[in-house]
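Student: One structure coming up, written as structure tokens, with questions to follow.
The values are calculated or read from the model by the stated rules, or taken from the named source; none is laboratory data. The model shown is predicted, which means the values in this text are computed figures rather than measured ones. Ideal geometry is used to build each Cβ from the backbone, glycine not excepted, and the neighbour counts take in all protein chains shown.
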Amino acid sequence: MAFELLEHEADVGVLGIGKTLEEAFQEGAKAMFSVMVNLDDLSPDKMVRVECDAVDDESLFVEWLNALLAQKDIEELFFVKFEVKIEDHKLVGKAWGCSFDLDKQEVLNDVKAATYHGLRLEKKDKDYYIRCVLDI
Amino acid sequence: MEEIKLNEVEPYVWEINKEGDMLVPGRVYGDKDIIQHLLDDVKQGKEWNALKQIKNVACLPGIQKASLAMSDVHPGYGFCIGGVGAFDVNEGVISVAGVGFDVNCGVRTMSTPFTKDEILKVQEQLADSLYNTVPAGVGSTGDIRLDKDEIDEVLLRGAKFSMERGYGTKGDLDFIEENGFISGADPEAVSDVAKRRQFKQIGTLGAGNHYLEVQYVDKVYDEAAAKAYGLSEGQVLVSIHCGSRALGHQIGTDYLKTLEAASKKYNIPIRERELVCAPFSSEEGQKYFSAVNAGINCAFANRQAIAHLARKAFTSVLGGSGDDIKTFYEIGHNNAKLEKHDVNGELKKLIVHRKGSTRAFGPGRDEVPEQYRAVGQPVLVGGTMGTHSFILHGTEKGMRDTFGSAIHGAGRAMSRKGALSCCRGNDVLRELRDKGILVRGHSIKGIAEEAPKAYKPVEEVVDVMHNTGIAKKVVSVLPLISIKG
């Protein structure tokens, strides 16, 4: 549905909004990569699978984002499209991206980690809102 | 809303009285503006506030003397930035929050034989050469490609590994904290994911507030100390600010979970989700400490490689062998270190956490290179792209009052979003160029986010350290070239 970057004193917050929890997670991931690179510069042609679990869905969001950060460095890909399934605080997902190319991509900031700070999952009307702060 | 009171116990030193679960008082270094900003955060009910974090750290088992914050204090994750917490090795804890997500992030400064005027003649070429030689920015990879066995060697051998790969010159190791490698590192304590993330990141600067700067000494505050340090007015220096890159980030992420479980196992209340810890002497605590030491070595190896790349860039423009570009000093500011300190007249072995705080040992300590030992350890304080950085020296008073710790930088005054809305990257570049500073970076937005006005005035935070006698000013430097990630 949509994502937003949130004001934060030293770093930046990400907010994913979706009609389902899964969609909110996907949008949250997009928000995180928008901190690193101009998403319009990416034409995804590679896919990686990601699996993670946690004690609750809020913590799972942090796990998901940190798993993507690890895949970014290991596979040398910026991700832009995501598909996840969540059941009992377990996530199975796919992320599509393209290789680093500093000549073609406007890179912005690296992200050290997704943190538990500001971590919140809310359901307003019919939509899910998931947010946390990234350590830049 | 919780009320937090601060009492000025001596000029620039403010205390939070021991109350509730606090085992020691909190102590904050700051002038009235710095302190007011912290109090305003509490008054406004901000969830993220440094004073609350200082109080939380004061509740952790085994903490000694006080939970401290230096004058570059601002909210962090669990520990505030500028936070120092020293713990008894038998009764105390080790905390992920006290080290953070960039283990041994720090600064290397090198002295050069060049003067400001010599650099000005080749400023553009040198900026381009540095930008093209030192990989910087998110998505950049280095020339050093490692496999798993080689990464393990990095984690064990630190800067020595880079030296043996040809990245370094004689004498470099003598002027790095711990001589460029720390014992007690265990590669087995570092996850495969952390290692795989690092295969191509040795010798890369990273992004955010990391930088490589060519600077010149614009003012000498202490002639005798400057002489002992081999520094003089007009001299050109090179400073590198970066850390352990993705490997260090992953150590933080991995051990947040391990130590969350340990906090529960050992019944240590978790007052903030990131403020998890384990008894230092426990299996979990020792394993994390081994991983931190591995991360420390990774950062040493990284800065060593970058330093040598900077030498290459200099020689390609200015000729020579690069051997006369010498390591002045290198020190980290995100660490947990075993150190001996006087606690109420007793010399105790402590695990000292410094999160965004630089070790600042006074005269006579064995840890300080012999050439500098009479003066005290150099303290490298980074400014912004357009402002001063400082070199201070550690003092006896710092040893007594802050476990030999001082500030590490200016600290942000404005959010990244706030900086983007008030500063355009191209305007920042032009303004800096008008001041004689050339900036090279991959990200124009990143440059706007790191605009000088987004940070607190570094002079203000340095003056607090100087006026309290925790660390004394030796020289200030101004940038000529800044390479940003």
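Student: Would a scan of the stretch B:82-99 turn up a residue that is closer than 23 Å to B:Gly398 by Cα, touching a helix residue (DSSP H, G or I) at 6+ places or on another chain (Cβ under 7 Å) and in a helix (DSSP H, G or I)?
Tutor: Scanning the stretch B:82-99 turns up no residue that is closer than 23 Å to B:Gly398 by Cα, touching a helix residue (DSSP H, G or I) at 6+ places or on another chain (Cβ under 7 Å) and in a helix (DSSP H, G or I).
Student: Against the definition (among the hydrophobic types (A, V, I, L, M, F, W, C) and within 11 Å of another protein chain (Cβ to nearest Cβ)), how does B:Ile268 come out, yes or no? Let's see the steps before the verdict.
Tutor: Details: among the hydrophobic types (A, V, I, L, M, F, W, C): yes; within 11 Å of another protein chain (Cβ to nearest Cβ): no.
Spelling it out, it is not the case that B:Ile268 is among the hydrophobic types (A, V, I, L, M, F, W, C) and within 11 Å of another protein chain (Cβ to nearest Cβ).
Student: Out of the stretch B:213-272, which residues are within 18 Å of the chain's Cα centre (by Cα) and charged (D, E, K, R)?
Tutor: Residues satisfying the conditions are B:Glu213, B:Arg245.
Student: Something else now. Quick check, is A:Leu119 touching an Asp or Glu at 6+ places or on another chain (Cβ under 7 Å), at the interface with chain B (Cβ under 9 Å from one of its Cβ atoms), closer than 19 Å to A:Val12 by Cα and not polar (S, T, N, Q)?
Tutor: The answer is yes for A:Leu119.
Student: Please enumerate the residues belonging to the stretch B:318-338 that are crowded, with 18+ Cβ neighbours inside 10 Å and not small (Gly, Ala, Ser). Write out each step before concluding.
Tutor: Just the residues of the stretch B:318-338 that are crowded, with 18+ Cβ neighbours inside 10 Å, to begin with: B:318, B:322, B:325-337.
Selection gives B:Leu318, B:Ile325, B:Lys326, B:Thr327, B:Phe328, B:Tyr329, B:Glu330, B:Ile331, B:His333, B:Asn334, B:Asn335, B:Lys337.
Student: Cβ-Cβ below 6 Å, separation at least six or inter-chain, first residue in the stretch B:177-190 and without any contact (Cβ under 8 Å) to a residue 24 or more places away in the chain and of a type outside the set (Lys, Arg), second part of a helix (DSSP H, G or I) and buried (at least 19 other Cβ atoms within 10 Å of the Cβ): which pairs?
Tutor: From residues that are without any contact (Cβ under 8 Å) to a residue 24 or more places away in the chain and of a type outside the set (Lys, Arg), the pairs are B:Asn179/B:Leu173.
Student: Collect the residues in the stretch B:70-107 that are out of contact with any Leu (no Cβ under 8 Å at 6 or more places or on another chain) and charged (D, E, K, R), keeping them in residue-number order.
Tutor: B:Asp72, B:Glu91, B:Asp102
Student: Only one of (1) outside any strand (DSSP E or B); (2) acidic (Asp, Glu); (3) more than 14 Å from chain A (Cβ to nearest Cβ); (4) over 22 Å from B:Asn267 (Cβ atoms) is not met by B:Asp102, so which one is it?
Tutor: For B:Asp102, the failing item is (3).
Student: Oh, and also: Select from the stretch B:3-38 the residues that are in a helix (DSSP H, G or I) and either among the polar types (S, T, N, Q) or out of contact with any Leu (no Cβ under 7 Å at 6 or more places or on another chain) (or both) and list them in ascending order.
Tutor: Listed by number, the residues that qualify are B:Lys32, B:Asp33, B:Ile34, B:Gln36, B:His37.
Student: Name every residue in the stretch B:139-185 that is among the acidic types (Asp, Glu), in a helix (DSSP H, G or I) and over 20 Å from the mean Cα position of the chain (by Cα), in order of residue number.
Tutor: Correct list: B:Asp149, B:Glu150, B:Asp152, B:Glu153, B:Glu164.
Student: For the stretch B:200-226, which positions are at the interface with another protein chain (Cβ under 8 Å from one of its Cβ atoms) and in contact with a helix residue (DSSP H, G or I) (Cβ under 8 Å, 6 or more places away or on another chain)?
Tutor: B:Gln201, B:Gly206, B:Ala207, B:Gly208
Student: Ok, one more. Which residues, counting only those in the stretch A:27-52, are assigned to a helix (DSSP H, G or I) and away from chain B (no Cβ under 14 Å)? Steps first, answer last, please.
Tutor: Here is the first cut: in the stretch A:27-52, the ones assigned to a helix (DSSP H, G or I) are A:27-36, A:39-41.
Within the stretch A:27-52, A:Glu27, A:Gly28, A:Ala29, A:Lys30 meet the criteria.
Student: Something else now. Report, by residue number, each residue of the stretch B:129-152 that is away from chain A (no Cβ under 14 Å) and buried (at least 18 other Cβ atoms within 10 Å of the Cβ).
Tutor: Once the filter is applied, which keeps residues that are away from chain A (no Cβ under 14 Å) and buried (at least 18 other Cβ atoms within 10 Å of the Cβ), the stretch B:129-152 yields B:Ser129, B:Leu130, B:Thr133, B:Ile144, B:Asp152.
Student: Still on this structure: Out of B:Gly158, B:Gly83, which single residue is within 14 Å of another protein chain (Cβ to nearest Cβ), of a type outside the set (Val, Ile, Thr), within 29 Å of B:Tyr229 (Cα to Cα) and buried (at least 24 other Cβ atoms within 10 Å of the Cβ)?
Tutor: Numbers: B:Gly158 fails: within 14 Å of another protein chain (Cβ to nearest Cβ).
The unique qualifying residue is B:Gly83.
Student: Scan the stretch B:57-76 and give yes if some residue there is part of a loop (DSSP other than H, G, I, E, B) and within 14 Å of chain A (Cβ to nearest Cβ), otherwise no.
Tutor: Yes, the stretch B:57-76 has at least one match.
Student: Okay, moving on. Does B:Leu51 count as over 19 Å from B:Ser263 (Cβ atoms), touching a residue at least 40 places away in the same chain (Cβ under 8 Å) and either assigned to a helix (DSSP H, G or I) or hydrophobic (A, V, I, L, M, F, W, C) (or both)?
Tutor: yes
Student: Please give the number of the condition A:Ala29 fails out of (1) out of contact with any helix residue (DSSP H, G or I) (no Cβ under 8 Å at 6 or more places or on another chain); (2) small (Gly, Ala, Ser); (3) within 18 Å of B:Val138 (Cβ to Cβ).
Tutor: (1) is the only condition that A:Ala29 fails.
Student: Just checking, does the stretch A:55-66 include any residue being of a type outside the set (Gly, Ala, Ser), under 23 Å from B:Val96 (Cα atoms) and within 8 Å of another protein chain (Cβ to nearest Cβ)?
Tutor: Among the residues of the stretch A:55-66, at least one is of a type outside the set (Gly, Ala, Ser), under 23 Å from B:Val96 (Cα atoms) and within 8 Å of another protein chain (Cβ to nearest Cβ), which makes the answer yes.
Student: Just for the stretch B:186-199: of the residues that are of a type outside the set (Gly, Ala, Ser) and part of a loop (DSSP other than H, G, I, E, B), which one is nearest to the other protein chains (Cβ to nearest Cβ)? Even if it seems obvious, please write down each step before you answer.
Tutor: So in the stretch B:186-199, the residues of a type outside the set (Gly, Ala, Ser) come out as B:186-188, B:190, B:192-193, B:195-199.
Filter once more, so that each one left must be part of a loop (DSSP other than H, G, I, E, B): B:186, B:190, B:199.
Numbers: B:Asp186: 21, B:Val190: 13, B:Phe199: 8 Å.
The residue in question is B:Phe199.
Student: Suppose we keep only residues that are surrounded by 19 or more Cβ atoms within 10 Å (Cβ to Cβ) and within 12 Å of chain A (Cβ to nearest Cβ) within the stretch B:421-444. Which one would you say is farthest from the chain's Cα centre (by Cα)?
Tutor: B:Gly425
Student: Report, by residue number, each residue of the stretch B:193-215 that is of a type in the set (Phe, Trp, Tyr) and surrounded by fewer than 23 Cβ atoms within 10 Å (Cβ to Cβ).
Tutor: Result: B:Phe199, single match.
Student: What residue, of B:Ser389, B:Ser405, is crowded, with 24+ Cβ neighbours inside 10 Å, under 18 Å from the mean Cα position of the chain (by Cα), at pLDDT 95 or above and more than 21 Å from B:Leu237 (Cβ to Cβ)?
Tutor: Exactly one residue qualifies, and that residue is B:Ser405.
Student: Follow-up. For the stretch B:389-434, enumerate the residues that are more than 26 Å from A:Asn109 (Cα to Cα) and in contact with a Gly (Cβ under 6 Å, 6 or more places away or on another chain).
Tutor: Matches in the stretch B:389-434: B:His393, B:Gly394, B:Thr395, B:Glu396, B:Lys397, B:Gly398, B:Met399, B:Gly404.
Student: Cβ contacts < 6 Å: first residue over 15 Å from B:Thr204 (Cβ atoms), restricted to the stretch B:228-254; second residue at pLDDT below 95 and crowded, with 24+ Cβ neighbours inside 10 Å, any location; separation 6+ or different chain. Result?
Tutor: Between residues of the stretch B:228-254 that are over 15 Å from B:Thr204 (Cβ atoms) and residues that are at pLDDT below 95 and crowded, with 24+ Cβ neighbours inside 10 Å, the close pairs are B:Gly252/B:Phe101.
Student: Right, B:Ser357: more than 17 Å from B:Ser239 (Cβ to Cβ) and surrounded by 24 or more Cβ atoms within 10 Å (Cβ to Cβ) or not?
Tutor: Yes, satisfied.
Student: Let me ask something else about it. Output the residues belonging to the stretch B:445-474 that are within 14 Å of chain A (Cβ to nearest Cβ) and under 15 Å from B:Ile407 (Cα atoms).
Tutor: B:Tyr455, B:Lys456
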